[in-house]
Amino acid sequence: MQTPDEALAVAAANGDRDAFAALLSRHYDRVFGLAFRLTGSKAEAEDLTQDICLALPAKLGSFRQAARFTTWLFRVTVNAAHDRRRRAASHAKAADGWGDWETARRAEMAQAAEAEDWLATTMARLSPELRDTIALTLGEQLSQKEAAEALGLSEGTVAWRMSEVKKRLRQMARAEGML
């Protein structure tokens, strides 16, 4: 005579590995069949069934014998399928927002790279004196006084050069339709 499922479940909940193996042997195919009907996908059903089998030892402690073991096991399977659907929906929702953010981030990076390229090309068209002044003040972040000392010029000349650079960059940007 075969041991009833309910007795095996109680024994398995108390750590009896043979009882747990017997339950899995009896019900694995039924759990998989239900999981397949709930998910509609063999791969999803296999994953769901494996998840249930891994969680079952911990869940057996909640089996109270108020219903047949198979009824309880099917409830566990349905709940696991619902949880999986909710997680998938949450992941899909998060991925949609992430995709929009990533698209915007890449567009910003492309725009910044384009602006840097334009600035580098435009700066190359300036006189060497103006480029030297820019390299020290903007590139090396020296004050106009420090740049003047490094270039051997007066601070007023450095200020004039910076003003001239701004004026020429605006003119070039207008000529190229950027402003």
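The values are calculated or read from the model by the stated rules, or taken from the named source; none is laboratory data. A quick note: this is a predicted structure, and the numbers were derived from the prediction, not measured. A quick note on method: Cβ atoms are made from the backbone with ideal geometry, for glycine too, and the neighbour counts reach across all protein chains shown. These accessible areas exclude ligands, DNA and RNA; they are computed on the full protein's heavy atoms, side chains included. Shrake-Rupley method; radii C 1.70, N 1.55, O 1.52, S 1.80 Å.
Odds and ends about this structure:
- Listed peptides 110-122, 138-150, 72-84 appear in the order 72-84, 138-150, 110-122 once ranked by packing, highest mean of other Cβ atoms within 10 Å at the front.
- For the range 94-179, the Stokes-Einstein estimate of translational diffusion at 10 °C and a viscosity of 1.306 mPa s comes to 106 µm²/s, using the Kirkwood hydrodynamic radius over alpha-carbon pairs.
- A straight chain from Ala173 to Arg131 at 0.36 nm per residue would run longer than the Cα-Cα distance by 13.4 nm.
- Here, the range 30-176 yields an orientationally averaged convex hull projection of 16.9 nm² when only Cα atoms define the hull.
- Radius of gyration, Dmax [the range 51-110; alpha carbons; angstrom]: 19.7, 63
- Among Glu108, Glu164, Glu44, the residue with the largest mean-square fluctuation in a Gaussian network model of the chain, with springs joining Cα atoms closer than 10 Å, is Glu164.
- Nearest 10 degrees, 0 to 90: helix 155-175 Cα axis against the chain principal axis: 60 degrees
- Gyration tensor verdict on the range 5-109 (Cα atoms; rounded if a/c is under 1.5, prolate if a/b is larger than b/c, oblate otherwise): prolate
- Taking Cα atoms only, the orientation of helix 42-59 departs from the longest principal axis of the chain by about 70 degrees.
- Rounded to whole Å, sorted largest first: equivalent-ellipsoid semi-axes of the range 1-56, Cα gyration tensor: 24, 12, 7
- Cα centroid separation, the range 131-164 to the range 1-78 (Å): 78 Å
- Based on protein heavy atoms only, the range 48-171 ends up with 67 Å² per residue of surface accessible to a 1.4 Å probe.
- Estimated distance in nm for a label pair at Ala92 and Asp29, the labels positioned 7 Å out from Cα along Cα-to-Cβ: 3.3 nm
- Between the beta carbons of Ala7 and Arg37, assuming R0 = 35 Å, the FRET efficiency works out to 0.80 to the nearest 0.05.
- C-alpha long axis of helix 69-124 to longest principal axis of the chain, angle in °: 10 degrees
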